[in-house]
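Read-outs throughout are calculated quantities, based only on the coordinates presented, and are distinct from any laboratory measurement. No experiment lies behind these values; they were computed from the predicted model shown. Here the Cβ is made from the backbone with ideal geometry for all residues, glycine too, and neighbour counts use every protein chain on show.
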Amino acid sequence: MPTTTERAFVVAAAVLFCAASRAAGPTPSYGFGADPAPGEFDQFFAAMPDGRGLPAGSGSVEQGKVVYQEQCAACHGANLQGGLGDRLIGGRGTLANSDPAKPPVKTIESYWPYATTIFDYVKRAMPFAAPGSLADDQVYAVTAYILAEAKIVPPDTVLNAATLPAVKMPNRDGFIADPRPDKFPPVAKSPHRSLSIAPVTN
Ligand code: HEC
């Protein structure tokens, strides 16, 4: 969660600042800034691939169809084929191929490695003109609808904080891992809020 990431960053920055200023003499006061109020960072939201950060709630494909038609279709097309907004499905298998008749088509279905990113993105950024206006149940539902239209999940799917991270995206293994443990801590030691549900290993 950016919540804890940010808090960790503030703490880290404060520690560095104190260390630096102790070396340089008395702590200077610049007269600006304020300590974050309790809960102030809670407005920030992020969902991790393993499900950390996902809120309570759930939504079905059927419910998502209604959300989609009312809130998304005008820009992303009745069949998710795109329009004013991006094409959301299709293109599977077109990103890595040597067939000139198959130009790469980058969509959620063909490219995105984690299903949780759909929730994360839609909750924070969509609908375009009113980001943040959807209830979490609606975000789960419209995520389920997009995944069902992409034939990644069956039409009777209900998504929630446990089932969404378990969805395996078609291009999940299309990326080259770059773990660099010397630079980035392992997931278990990352500053994100600790797991409330079992991690998924797919
Ligand atoms: C007013 C038009 C509009 C509406 C309504 C709208 N979107 Fe979008 N959407 C966009 C635009 C424009 C982008 C590209 C934004 C960008 O790249 O910064 C986008 C991007 C996206 C993406 C990222 C696609 C990608 O491959 O990067 C997703 C997912 C998405 N929208 C889902 C939705 C959902 C779900 C809804 C309904 C709840 C919705 N959008 C409603 C215009 C819209």
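Annotations
- In sequence order, calculated HN-Hα J values of segment 64-77 (Karplus, 6.51, -1.76, 1.60; Hz; x Gly/Pro): x, 4, 5, 4, 4, 5, 7, 10, 10, 4, 4, 9, 9, x
- Annotation for segment 94-191: trypsin sites (Lys or Arg not before Pro) lying in DSSP loop with at most 11 further Cβ atoms inside 10 Å of their Cβ are Lys183.
- Near Pro104, once Lys and Arg are set to +1 and Asp and Glu to -1 for all other residues with Cβ below 13 Å from its Cβ, the sum equals +2.
- Built amide H within the under 5 Å cut-off of Ala46, gap 5+: none
- Around Ile146: net Lys/Arg minus Asp/Glu count, Cβ-Cβ under 12 Å: 0
- Gly132 sits among other residues whose Cβ lies under 14 Å from its own Cβ, and their net charge, with Lys and Arg +1 and Asp and Glu -1, is -1.
- At most 12 other Cβ within 10 Å, DSSP loop - chymotrypsin sites (Phe, Trp or Tyr not before Pro), segment 40-130: none
- With θ taken as phi - 60° and the Karplus curve 6.51 cos²θ - 1.76 cosθ + 1.60 applied, the whole-hertz 3J(HN,Hα) list for segment 95-101 is 6, 10, 7, 10, 8, x, 7 Hz, x standing for glycine and proline.
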